[in-house]
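Visitor: Sending over a structure as structure tokens; questions will come in a sec.
The values are calculated or read from the model by the stated rules, or taken from the named source; none is laboratory data. Being a predicted model, the structure only gives us computed values, none of them experimental. Cβ placement follows ideal geometry from the backbone for every residue including glycine, while neighbour counts extend to all protein chains displayed.
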């Protein structure tokens, strides 16, 4: 699956699919991934040179790959699709794409501290780590390869990379992740109050509507058992000078970047928590790039502006 995080990032794909002939090529190779260039030219009643040009555009956009094989009439070029799905995040970069940014991907097993209470579990794309409902397994070294984890209540904290340099001032932080509640087996209607913190400062909470398992996750491994957590919702936590939001429009708190006082020397610790005494104590599940519906880990972007550090020091201004 190809996950594009902005319309700008998707521009080349849009351009590659902008002609009827290329759309027909994609439809044909999804029906049969053993078609050669000659097969496509014959089926679409166009010249070989025209097919070569169209396929080259699709290949440049990362939509197809060309496999060379030996056939009855010599070497054949087989055109095959690369992705089974394409997802475009329409929200990302909506307000800040004119600013420079740093972007990082953090695997769900790369947490720095945790407080785990059953029901709970953690798995790599290949196997279950230890036993279900045993919080001790969250300390096992295999957890660095984890692709999914869940807990009934408690918290889990990630130390996010801070790539700001002296003179660079954060203007917005965006953190996206696939998340759901955690119910034994699954329950699509199982609300959970998920709280967010940065550097132990409360940002706000969001109610996850359920623990989804009515169908297989689009990218979950084939061995992953059907009754378990299958997929989540892709959410974006956003902090700027106006407050804290989920998906840009849902304001969940008044905490601003200024309140966090993040500069180039700061630690950035992100905590997901479900308190035991919250109204909807429905746990949480975090999906990495090998589980769920979205082929991504926890994604973080810091948008920033640059200022002259010497001038800021003369004015007694600390980078925010």
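Visitor: Return the only residue of 78, 66 being within 20 Å of residue 16 (Cβ to Cβ), touching a helix residue (DSSP H, G or I) at 6+ places or on another chain (Cβ under 7 Å) and in a strand (DSSP E or B).
Guide: 66
Visitor: I need the full set of residues from the stretch 120-131 which are buried (at least 16 other Cβ atoms within 10 Å of the Cβ) and assigned to a loop (DSSP other than H, G, I, E, B), in order please.
Guide: Scanning the stretch 120-131 gives 120, 124, 125, 129, 130.
Visitor: In the set 40, 28, which member is farther than 29 Å from residue 289 by Cβ, in a helix (DSSP H, G or I), touching a residue at least 24 places away in the same chain (Cβ under 8 Å) and touching a helix residue (DSSP H, G or I) at 6+ places or on another chain (Cβ under 9 Å)?
Guide: On the way: 28 fails: touching a residue at least 24 places away in the same chain (Cβ under 8 Å).
Of 40, 28, the one residue that is farther than 29 Å from residue 289 by Cβ, in a helix (DSSP H, G or I), touching a residue at least 24 places away in the same chain (Cβ under 8 Å) and touching a helix residue (DSSP H, G or I) at 6+ places or on another chain (Cβ under 9 Å) is 40.
Visitor: Given (1) closer than 25 Å to residue 87 by Cα; (2) in a strand (DSSP E or B), identify the lone condition not met by residue 270.
Guide: (1)
Visitor: When residues of the stretch 226-243 are filtered for being under 19 Å from the mean Cα position of the chain (by Cα) and under 13 Å from residue 173 (Cβ atoms), how many remain? Reasoning before the result, please.
Guide: Step one: filter the stretch 226-243 for residues under 19 Å from the mean Cα position of the chain (by Cα), giving 229-239.
Imposing the further condition that a residue be under 13 Å from residue 173 (Cβ atoms) reduces the set to 236-239.
So the count comes out to 4.
Visitor: State all residues of the stretch 148-162 that are surrounded by 22 or more Cβ atoms within 10 Å (Cβ to Cβ) and closer than 10 Å to residue 268 by Cα; if no residue qualifies, say none.
Guide: 158, the sole residue that qualifies.
Visitor: Still on this structure: Given the options 231, 197, name the one that is under 29 Å from residue 119 (Cα atoms) and surrounded by fewer than 18 Cβ atoms within 10 Å (Cβ to Cβ).
Guide: Sole residue among the options that is under 29 Å from residue 119 (Cα atoms) and surrounded by fewer than 18 Cβ atoms within 10 Å (Cβ to Cβ): 197.
Visitor: Take residue 177 and decide whether it is modelled with pLDDT of 95 or more, outside any loop (DSSP other than H, G, I, E, B) and either within 20 Å of the chain's Cα centre (by Cα) or under 23 Å from residue 222 (Cβ atoms) (or both).
Guide: yes
Quick grid of which residues meet (1) modelled with pLDDT of 95 or more; (2) under 30 Å from residue 143 (Cα atoms):
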| residue | (1), (2) |
| --- | --- |
| 218 | no, yes |
| 237 | yes, yes |
| 259 | yes, no |
| 282 | yes, yes |
| 298 | yes, yes |
| 309 | no, no |
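Visitor: Do we find that residue 61 is in the same structural domain as residue 77 (by TED's automatic domain parsing) and surrounded by 15 or more Cβ atoms within 10 Å (Cβ to Cβ) in this structure?
Guide: The answer is yes for residue 61.
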